[in-house]
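The values are calculated or read from the model by the stated rules, or taken from the named source; none is laboratory data. Model, not experiment: these values are computed from the prediction. All Cβ positions, glycine included, derive from the backbone under ideal geometry; neighbour counts span all protein chains shown. Ligands, DNA and RNA are excluded from the accessible area calculation, which covers all protein heavy atoms including side chains. Shrake-Rupley method; radii C 1.70, N 1.55, O 1.52, S 1.80 Å.
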Amino acid sequence: MKPCWFHLLCAGCLMAGAAPVSAQQLDYGRYESLFGEPVTVSGTGKPERLSDTPVVMEVITAEDIHHSGARDLPTLLSRLAGIDLGHSSPGTTEVAVRGYRQPLGSRVMVLLNGRQVYLDGFGEDFWSTLPVELSEIRQVEIIKGPQSALYGFNAVSGVINIVTFDPLDDPVNVVETRIGNHARRDANASLTAKLGDMAGVRMTVAADHVHDYGILDKSGDNPDYAKDPSRRSFSLNGSLVLDDGSRFDTELSHTDVSMRWIALYPFFDTRIKTDAVKLGMTSDTMVGRVNATGYYTSIAMPWVQSQAFGPFSMNDRIAVVQLSDLFKIGATDSFRVGTEVRHAEMGAGPISGGGVLKGDLGAVSLMWEHDFSPSVSMVNAVRYDHVLIDRSGPVTDADPFDNSDYDRSIGGLSVNSALIARITDIDRLRFSFAKGVSLPSLDNFGQVEQFVPAYGGFAYYGNPDLTSTSIYDYQLGWERSLLSLGATLSVNLFHQQTMKHITNPYAYISGDFYSQADMGAGSVSNGLELSISRRFRDGWSWSANYTLDRLHEHFDLGYRNAQPTHKVNLGLGHSFGDWEADLYARYVSGTKGLYVKPGGPDDGPAAGIGKIGPYAILSPRLAWKAREDLLIEAVAENMWPYRDSSPQRMDSSYYLSVKFTY
């Protein structure tokens, strides 16, 4: 086994700064009051108005969340331009930015207060395992297009950054319950305590449950895999500010989720237990604003029951240390240098051939922002990622590789460059180019599994010879403030080229399964996003957006345009006295989906491409503020059934919630 340099790099990162530091924090409320619009630090690491950020970004505010009637983050996100959703069950959702929604291969980086929420083993974001409630969220920032140079290797379609309220400055004290059809029972509570003038802590607990429904194919043993989605969550967040202005932030969280989920068409019943701890600090020093974050995440699946290859268990452990320094040279140039080390390992019994897969990543990055004038600025960033992979432990007879085949490394260079020009007081233009880097998951590298006879009985494999793949992206955006309406209009054009796709063994091409992970043909995606929105003013708000997204594969493998071409979202809200009324509508054009069904012992599974028809969703909300501290709301999440994936139908969903603030 090769030596692991992760621990040496960790020590070097921690010694590089004056003290252990965390991701940058700021007083969002004060800056929002000053600027009159949402603020962010996501683009460059320093506070900026949303209208001035160089990246194409949308922000969902706490007020938007309050009026949404949504139960979860995917529902909120689906109301924005360029967002695709697909449900595997009532409790599991795949989220994509500008297409490429797929199981076991997320192209979107999800951050919760700076901590990456990513299962390295399967290359997946499990949304139901996030230890956060909507009432805790100050804002959600959605950054579109590859952002690998600014954020990291798996941010190749975009970044979703979840920012919660600061327990020091913004107390959240709430109890909320929800009941609905399909035996829905949800409850959560948050308590914030200030520890003097310089420290605060927030504790949140939650429990959710709903009956499983919507399995479209009820043949064979499919109904046996109807696992009722349930979730238990606990989180503790703390902030401490020292006399010199240095700031510490901590997170301790645990979630326990049981659910049914689907990789293509085979069902899985699984339980996912996630534990995370994070510590960081921010400090203004003689060499600039130094930020560092260290966190550890343990993801355990004590049992997974699968149609396709029987029961198994797995665990995934991730340790990350990040360090950056933001400083200025002169009045017009800002720089940020950074480094990241990441250790991930997956033990999955039969999935990894009985062994342990490991990946040690080291990365260095540089960002430069230059102001040519008060109205024109540019941001450039580069990052290089280098990964050492390793496998240890037993090797099965079905595995064509031995452990020595994994003694190798891969890497890739990411680039982001953006120019923003304020051409008038109300008009802004953005031009950007990006080269993103996508790395294989540990599962892509080294899984080994045997299908049961009904699914052909053959073995499938990972591939230690996989390489990184590059994604090239070009964007042009125009934003205009419509002062007479109190609204904002934005138009974004994008062209994205994926050079190669990392195909996992579930890939289906020209009627056949891939039995081994490989580097498949690439694709091109072209699109247009139109948005206009008016936040609450004189009791009214409204919004509308349209997305055109065309996918073209380099070779027609039967999966051409396998993402919705057209998406439309409409929203209207009104507040009057103690009452609030909101209405949301969504239309998604038809697309395609992959299906895999068991066959006989001789002919194996049946696989193919099936049609998913167009659908529309209508979601009304009516809320009554019974008292200053009591809100009662009735919501129809979707008033009629619809289908957004091959194996799952989403039924009508209604619920009543009571929210008490103290």
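Numbers at a glance
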item	result
The stretch 622-662, residues that are part of a strand (DSSP E or B), of a type outside the set (A, V, I, L, M) and more than 16 Å from Ile179 (Cβ to Cβ)	Trp624, Lys625, Arg627, Asn638, Tyr642, Gln648, Thr661
Exclusive hit being open to solvent by 10 Å² or more (accessible area, probe 1.4 Å) and under 21 Å from Tyr472 (Cβ atoms), set Tyr151, Tyr118	Tyr151
Unmet requirement for Gly355, which otherwise passes all of (1) in contact with a Cys (Cβ under 7 Å, 6 or more places away or on another chain); (2) farther than 23 Å from Gln116 by Cβ	(1)
Selection count, the stretch 131-148, where residues are open to solvent by less than 10 Å² (accessible area, probe 1.4 Å) and closer than 17 Å to Ile60 by Cβ	8
Those strands (runs of 3 or more DSSP E) lying entirely in the stretch 500-598 with at least 2 residues surrounded by fewer than 17 Cβ atoms within 10 Å (Cβ to Cβ) and at pLDDT 75 or above	518-537, 540-553, 566-576, 579-588
Residues satisfying the stated conditions in the stretch 77-113, i.e. within 27 Å of Gly347 (Cβ to Cβ) and among the small types (Gly, Ala, Ser)	Ser88, Ser89, Gly91, Gly105, Ser106
Selection within the stretch 381-413 - aliphatic (A, V, I, L, M) and in contact with a Phe, Trp or Tyr (Cβ under 7 Å, 6 or more places away or on another chain)	Ile389, Leu413
From the options Ala300, Ala331, Ala276, Ala308, residue that is of a type in the set (A, V, I, L, M, F, W, C) and modelled with pLDDT under 85	Ala308
Test: residue in the stretch 327-337 that is closer than 30 Å to Asp443 by Cβ and surrounded by fewer than 22 Cβ atoms within 10 Å (Cβ to Cβ)	no
Qualifying strands (runs of 3 or more DSSP E) (wholly inside the stretch 49-166; at least 3 residues being among the hydrophobic types (A, V, I, L, M, F, W, C) and closer than 26 Å to Ser432 by Cβ)	57-61, 92-97, 108-112, 137-144, 158-164
Selection status of Gly82, farther than 30 Å from Leu361 by Cα, crowded, with 23+ Cβ neighbours inside 10 Å and in contact (Cβ under 8 Å) with a residue 12 or more places away in the chain	yes
Neighbours by Cβ (under 8 Å, 6+ apart or cross-chain): first from the stretch 461-475, over 22 Å from Gly145 (Cβ atoms); second open to solvent by less than 30 Å² (accessible area, probe 1.4 Å) and at pLDDT 90 or above	Pro464/Ile389; Leu466/Ile410; Thr467/Ile410
The stretch 270-317, subset buried (at least 17 other Cβ atoms within 10 Å of the Cβ) and among the aromatic types (Phe, Trp, Tyr), residue nearest to Met259 (Cα to Cα)	Phe312
Among residues of the stretch 367-421, those that are among the small types (Gly, Ala, Ser), in a strand (DSSP E or B), touching a helix residue (DSSP H, G or I) at 6+ places or on another chain (Cβ under 9 Å) and surrounded by fewer than 17 Cβ atoms within 10 Å (Cβ to Cβ), counted	1
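Residue by residue, here is whether (1) under 23 Å from Ser230 (Cα atoms); (2) modelled with pLDDT under 95; (3) of a type in the set (A, V, I, L, M, F, W, C) holds:
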{"site": "Ser157", "(1), (2), (3)": "no, yes, no"}
{"site": "Asp169", "(1), (2), (3)": "no, yes, no"}
{"site": "Ile179", "(1), (2), (3)": "yes, no, yes"}
{"site": "Asp186", "(1), (2), (3)": "yes, no, no"}
{"site": "Thr204", "(1), (2), (3)": "yes, no, no"}
{"site": "His209", "(1), (2), (3)": "yes, yes, no"}
